[in-house]
Each structure stands twice: as structure tokens, then as C-alpha cells.
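Chemist: Shown below is the structure under consideration.
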Amino acid sequence: MVERSSTVQVSATPGPGGGTALTITGTLDGSTYHEVRDSIIKAALEEPDAVIVDVSGLEAPSESAWKAITSAHWHVRRWPHVPILLVCDEPARRAAITRNGVTRHVRLHPDHTSAARCVAAPTWTRRRADVELDAGADCLQVMREVLARRLSEWGRPDMTLAASTVATVLVENVLEHTESRPTLIVETAGDFVAVAVSDENRIPPARREDPGTGAHTVSGLAIVTALSHAWGCTPTTTGKTVWALLAPENQF
């Protein structure tokens, strides 16, 4: 698959050890910053073992633009927790990337062979299901049934109530504030359960509480904050994914 713009080309191919290899060429600047960042995030959301990004053919007239890589890292650091590795065969470009602090968070390699050695299979099993929901009256009921069934099949029925409560908030937000059909993502990895909902609206979620009604009106995201280990919003090329990570202490 190849995605094109006037100044950036992004190609994705299977990488070593179950990873994804991205090759990005062209010019990284203010007009392409988000495209480059979101292309890396999109690859990570498919949850390969790692995303290896070859930027040997990507030029950045302003060195600060390399922070697009760092931004992508922070968006996927908690979930889906997929490592991002950089490949660049040009020494001066590697130096510029390092000067801008990218290598504090993302490993930089001179070639694909070196990067491939760092892609190790996880020690835990990751299970995931994606379900596109209809925006009808039974949307929430279908979502809860899918969630309960999957968590039971994966041996995590103890997390069903907390995960269902969080997922209900995220789906309701999509139905209320967008015209999208929500897509539910539920995943287990180690001790954690992740619940995420994708939509086609780029506006990030925000807590909305009415000061006039005080405690009588509680933002749904306040509930998500209280019930999850961490939560966040990850931009995608078509909208966004709002996710929540639940740990064993979040069950009730």
C-alpha cells in the first residue's frame, strides 16, 4: 500500500519478526508534519511487533521537524505500546535527528539489519478484536455483549464490568458528538485490558461538566479517568481513537 501527497510518499511493507517497515521519502516540514506522524501512528495501531521507519530519503529543512517522530512515539507509548525504530543511512541526517532529542525515545539505526536485531517477540500473548458498531438503538447492548463474550473467551471475565463501563462512555461520546459509526477495539495483553473506540472525527475529546449543576453532572471522561490505569486520544489518518488501559486494580 502506498499513500501519496505532493511532497511525501509513505510505503508500508511487512518487516522482520512480525513488524511493519515504513519507508518515508520527500520533505518533512510544517505541511507534512502531521502526515508523517499519523502514518507512523496508523502503522502502530495495527499492532505489529514493531514499526521500523526508514527516513533515509526524508529531508527536513528545519531540523525541529524531526520531532514528528517523537510525537508519534508519545501517542503510542501507553497503547498500543508498539516500539518505533528509525533507520537512516545518511550520517549527517542521523546527527540532526540526534541533536533534536528524538533518540532519547526512539532508537536510531544505520540500516535495517541493525534495526531488525532489536525487534523481539513479546513475552506475553496479545489478543484483539475489532467490531464496527451500528449507530442504532441497540448499539450499546451489542457492544456490551461483544465485550463480555471476548473477555470471557480470553479468561478475563473479572474485567468485564469495568471495561464495559468505560466502553459505554467512549461509544456514547461518539454517538453524541460525531456523525461516525464507532468501531470498538478490545484487547488483552499480559495483565492489562485495553478498550478503545475509533471514529472519523478529528476533534479530540474533552471533559464537559456544567458548573451550574455541580456534582449532579459528571463528565463521562471523569468516569474513564477514575476507572482506568491510563487513557488517551491517538490521531489517525481518518479521525481518532480514544483508548483506556485497565489494570487488575481497576476491576470491580
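Chemist: Quickly estimate the mean residue ellipticity at 222 nm for the chain, helices only: each DSSP H run with n ≥ 4 gives -39500 (n - 2.57), and the total goes over all residues, rounded to 500.
Modeler: Value at 222 nm, helices only: -9500 deg cm²/dmol.
Chemist: Under a point spin-label approximation (7 Å from Cα along Cα-to-Cβ), what is the residue 132-residue 118 distance to one decimal in nm?
Modeler: 3.6 nm
Chemist: Rounded, prolate or oblate: which fits the stretch 1-148, taking a ≥ b ≥ c as square roots of the Cα gyration tensor eigenvalues, rounded meaning a/c under 1.5, else prolate when a/b beats b/c?
Modeler: It is prolate, given that a/c is not under 1.5 and a/b is the larger ratio.
Chemist: How big is the shadow of the Cα convex hull of the stretch 100-199, averaged over all directions, in nm²?
Modeler: Value for the stretch 100-199: 9.4 nm².
Chemist: Just want to confirm a number: the relative contact order over the chain, from Cα pairs under 8 angstrom separated by 6+ residues, in percent.
Modeler: 15 percent
Chemist: State the three equivalent ellipsoid semi-axes of the chain, derived from the C-alpha gyration tensor as the square roots of 5 times its eigenvalues, in descending order and whole Å.
Modeler: Value: 35, 21, 16 Å, ordered largest first.
Chemist: Hey, got the dipole for the chain? About the Cα centre, +1 on K and R Cβ, -1 on D and E Cβ, debye to the nearest 20?
Modeler: It works out to roughly 680 debye.
Chemist: How charged is the neighbourhood of residue 56? Take every other residue with its Cβ under 11 Å from the Cβ of residue 56, and add Lys/Arg as +1 and Asp/Glu as -1.
Modeler: Net of charged neighbours comes to -3.
Chemist: Largest first and to the nearest Å, give the Cα extent of the stretch 126-250 along each principal axis.
Modeler: Principal extents (largest minus smallest coordinate, Cα): 43, 31, 28 Å.
Chemist: Could you work out the percent of alpha carbon pairs in the stretch 92-149 separated by over 16 Å, rounded to a whole number?
Modeler: Tail of P(r) above 16 Å: 68 percent of Cα pairs.
Chemist: Quick one: putting +1 on the C-beta of Lys and Arg, -1 on the C-beta of Asp and Glu, what dipole do you get for the stretch 2-116 around its Cα centre, in Debye to the nearest 20?
Modeler: Approximately 420 debye in magnitude.
Chemist: If you stretched the chain out fully between residue 111 and residue 95, how much longer would it get, using 0.36 nm times the residue separation minus the C-alpha to C-alpha distance?
Modeler: Using 0.36 nm per residue and subtracting the Cα-Cα distance, I get 4.3 nm.
Chemist: Can you list residues whose amide H is under 5 Å from residue 50's amide H, if they're 5+ apart or on another chain and H is modeled 1.01 Å from N?
Modeler: Under 5 Å from the amide H of residue 50: 19, 20.
Chemist: Output ³J(HN,Hα) for the stretch 73-86: one whole-Hz value per residue in order, computed from phi by the Karplus curve 6.51 cos²θ - 1.76 cosθ + 1.60 with θ = phi - 60°, and x for Gly and Pro.
Modeler: 3J(HN,Hα) across the stretch 73-86, in whole Hz: 4, 5, 6, 10, 4, 7, 8, x, 6, 9, x, 10, 10, 9.
Chemist: Once phi is turned into θ = phi - 60°, what whole-Hz ³J(HN,Hα) does the Karplus curve with 6.51, -1.76 and 1.60 give for every residue of the stretch 37-47, x standing for Gly and Pro?
Modeler: Per residue, the Karplus-derived 3J(HN,Hα) values read 4, 5, 5, 5, 4, 4, 4, 5, 5, 6, 6 Hz.
Read the figures in this text as sums done on the coordinates, not as results from a lab. Given the structure is predicted, the values throughout are model-derived calculations rather than measurements. Every residue, glycine among them, receives a Cβ derived from its backbone with ideal geometry; neighbour counts consider all protein chains shown.
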